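What follows is a short report on a single structure.
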Amino acid sequence: MAPCRYLDLVDYLLVAEAVLGADAAVIEKIASLHLADSALNAPAAEFGGVEFYPEFHRKAAVLCTHLARNHALPDGNKRVAYMCTVEFAERNGYEWTAPPGDEPDGDETVEVMVAVAAGDMDVETLAEWIEDRHGRRVPAYPTHGSGADPRWRARTAPPLRRLHRVCSQPRHAVHRAVPVTARRVSDRRSRQAQR
């Protein structure tokens, strides 16, 4: 079996940039990168040469869970966690398929990601759900260094739009206010840099 190709902070920032529509440089300044780095390295955990998560679907579940719960970003953690999981699967040669319950608005994926972030779904249950999403192996595409465009953008748009709507509802009022705060922090830092 080929070695697993893990995501790094550059990949994380590029996915966050695509998902959130913000510049990666701004995300880098406002994100808690140590939390993202911790989540990105969790699937590769091992001790004495023995991997904690030898099966790929468990690695993907650990990645998704840690990214969603670590809250490295002020907003969009569930969306970025989901897209990083899809990217991780496809980078390692697995074709990601949407669940049947996702037609047309991504309802099942939204429910899963909300449950993961809230701690209502454990890693094992998520691993089973992910195993159903990445059925067949396909040739892995080149990583970000080659300039290749990830294949997930078009297929994953409905769940992302639905996740964004769910997180923008009144019960998530804090999430709507955070981007304004993030812009203020970014503006303040740029003013300080100009001085």
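Any read-out appearing in this document is the output of simple, stated calculations on the displayed coordinates, not a laboratory observation. Bear in mind the structure is a predicted one, so any value in this text is a computation, not a measurement. We place every Cβ from the backbone using ideal geometry, glycine too, and count neighbours over all the protein chains shown.
Remarks
- Residue 97-residue 44 FRET efficiency (beta carbon distance; Förster radius 22 Å; 0.05 resolution): 0.30
- Here is the list for region 1-75: chymotrypsin sites (Phe, Trp or Tyr not before Pro) lying in DSSP coil, each with at most 13 other C-beta atoms within 10 angstrom of its C-beta, are 52.
- For residue 94, distant residues with modelled amide H under 5 Å away: 138
- Summing Lys and Arg as +1 and Asp and Glu as -1 over all other residues whose Cβ lies under 11 Å from the Cβ of residue 36 gives a net charge of -4.
- Under a 5 Å amide H cut-off, with hydrogens placed 1.01 Å from N, residue 121 pairs with 116 among residues at least 5 apart or on other chains.
- The GluC sites (Glu not before Pro) of region 30-103 meeting both criteria, a DSSP state outside H, G, I, E and B (loop) and at most 16 other C-beta atoms within 10 angstrom of the site's C-beta, are 55.
- In Hz, Karplus ³J(HN,Hα) per residue of region 31-47 (6.51, -1.76, 1.60; θ = phi - 60°; x = Gly, Pro): 7, 8, 5, 5, 6, 5, 4, 4, 5, 5, 8, 4, x, 8, 4, 8, 9
- In Hz, Karplus ³J(HN,Hα) per residue of region 58-74 (6.51, -1.76, 1.60; θ = phi - 60°; x = Gly, Pro): 6, 4, 5, 5, 5, 4, 4, 4, 5, 5, 6, 8, 6, 6, 6, 10, x
- Under 12 Å, Cβ to Cβ, from residue 128 - net charge with Lys/Arg +1 and Asp/Glu -1: -3
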